[in-house]
Ligand SMILES: Nc1ncnc2c1ncn2[C@@H]1O[C@H](COP(=O)(O)OP(=O)(O)OP(=O)(O)O)[C@@H](O)[C@H]1O
C-alpha cells in the first residue's frame with residue numbers, strides 16, 4: 001500500500017493526499033510540468049517531502065522502469081549481469097536471480113543465450129526488453145513506469161501490458177497516452193500545476209461530464225492529434 005498524507009515538495013508539488021491499495025493499477029496523467037514525475041519520485045523515496053507524510057514500499061520492493069530503457073543499460077556489462085544488477089546492489093540473493101534469468105528471457109521473448117551477450121549484440125527492441133527484465137528480476141510488488149511504454153516497440157509493449165496486469169502487482173505509470181492509461185489502469189490520477197486535481201476510475205476517463213479543465217485539455221489534445229493523423 002502507498003499512502004501520501006498532504007505530502008508536498010515545496011515549491012514544486014502542492015500537498016497531495018492519496019492511498020493506493022496493493023494490486024491497484026494507477027495512471028498519473030497531466031500536461032508537461034504538472035508534477036507527475038515529482039509525485040512518483042516521492043513515492044519511490046527519492047525525494048523527501050518538505051511537509052506531510054509518505055508511506056511506501058522501500059527500495060528492493062519496487063522497480064522503476066525508466067523512460068529510455070535502451071540508454072539505461074550499461075554497454076560494458078553483459079546482459080545477465082545487467083539484469084541481476086539491482087539484486088546485487090540491494091545485497092539480495094544473486095544466485096537465485098541468476099536462476100530466474102532463463103524463465104525471464106523466455107517470458108520476454110529474448111534469445112536463450114542473451115545473458116552472455118553485450119547490449120550491442122541485441123536489437124533495439126530486445127534491449128528494451130532487457131530493461132524490463134532488469135526491472136522485474138527482483139519480483140517487485142510495485143512497479144513505477146515513467147513514460148516507459150511510449151518508447152517500447154509493439155511486441156515489448158504487449159508483453160509489458162501483460163506483465164503489468166499480474167494480480168497483486170501494484171503499477172503506477174506516468175503517461176501522456178490516454179488510451180494506454182485506460183487500458184492499463186483501473187484508476188487515473190489527473191495532475192495540474194503541481195497538484196492532484198482528479199482521482200477517477202479509468203472508465204470515467206473520456207467522460208467530459210464534470211471533467212476537470214486539465215482532463216478536458218488532455219482529451220482535446222488527444223482528439224486533435226487523432227483528427228490530424230487521419231488522411
Ligand atoms: N529539482 C527541480 N528543480 C527545479 N524545478 C523542478 C525540480 N523538480 C521539479 N521541478 C519543477 O516542478 C514541476 C513539475 O515537474 P515534473 O517533472 O514532476 O512534471 P511532469 O508532470 O512529470 O512533466 P513531464 O510530463 O514534462 O515529464 C515543473 O514545473 C518542474 O520544472
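Derivation of every value follows stated rules applied to the coordinates shown; laboratory data play no part. If you're wondering where the values come from, they're calculated on a predicted model, not measured in any experiment. Here the Cβ is made from the backbone with ideal geometry for all residues, glycine too, and neighbour counts use every protein chain on show.
Calculate how steeply helix 154-164 sits against the longest principal axis of the alpha-carbon atoms of the chain, using the helix alpha-carbon long axis, and give the answer as 0 to 90 degrees to the nearest 10.
80
Estimate the FRET efficiency between residue 95 and residue 5 by the formula 1/(1 + (r/R0)^6), using the beta-carbon distance for r and 35 Å for R0, to the nearest 0.05.
Working from the Cβ atoms, E equals 0.30.
Counting other C-beta atoms within 10 Å, which of 46, 206 has the fewest, and how do the rest follow?
With the fewest neighbours first, 46, 206 line up as 46, 206.
Please check which bits of region 13-28 a label hung off residue 55 would reach, taking the label as a point 7 Å along Cα-to-C-beta and the cut-off as backbone N under 14 Å.
18-22
Where q = 0.10 Å⁻¹, what log10 of I(q)/I(0) comes from the Debye formula for the chain, counting one point per Cα?
Relative scattering, expressed as log10 I(q)/I(0), comes to -0.48.
Using a Gaussian network model of the chain with C-alpha springs under 10 Å, which one of 131, 80, 33 is most mobile by mean-square fluctuation?
For the chain, modelled as a Gaussian network with Cα springs under 10 Å, the answer is 33.
Against the longest alpha carbon principal axis of the chain, how many degrees, from 0 to 90 and to the nearest 10, is the axis of helix 79-89 turned?
70
So if each residue of separation counts as 0.36 nm, and I subtract the Cα-Cα distance between residue 226 and residue 118, what length gain in nm does that give?
35.0 nm
Order 92-98, 38-44 from most to least packed using the mean count of other Cβ atoms within 10 Å.
Put in order of decreasing packing, that is 38-44, 92-98.
Translational D (Stokes-Einstein, µm²/s) of region 72-140 at 25 °C and 0.890 mPa s when Rh comes from the Kirkwood sum over C-alpha pairs?
Roughly 211 µm²/s, to the nearest whole number.
Could you state the angle between the C-alpha long axis of helix 213-228 and the longest principal axis of the C-alpha atoms of the chain, as a value from 0 to 90 degrees rounded to the nearest 10?
That works out to roughly 60 degrees.
Evaluated at 4 °C with a viscosity of 1.567 mPa s, what Stokes-Einstein diffusion coefficient in µm²/s does region 35-153 have when Rh comes from the Kirkwood expression over alpha-carbon pairs?
Answer, rounded: 86 µm²/s.
Two decimals, Cα atoms only, Kirkwood Rh: what is Rg/Rh over region 1-101?
1.04
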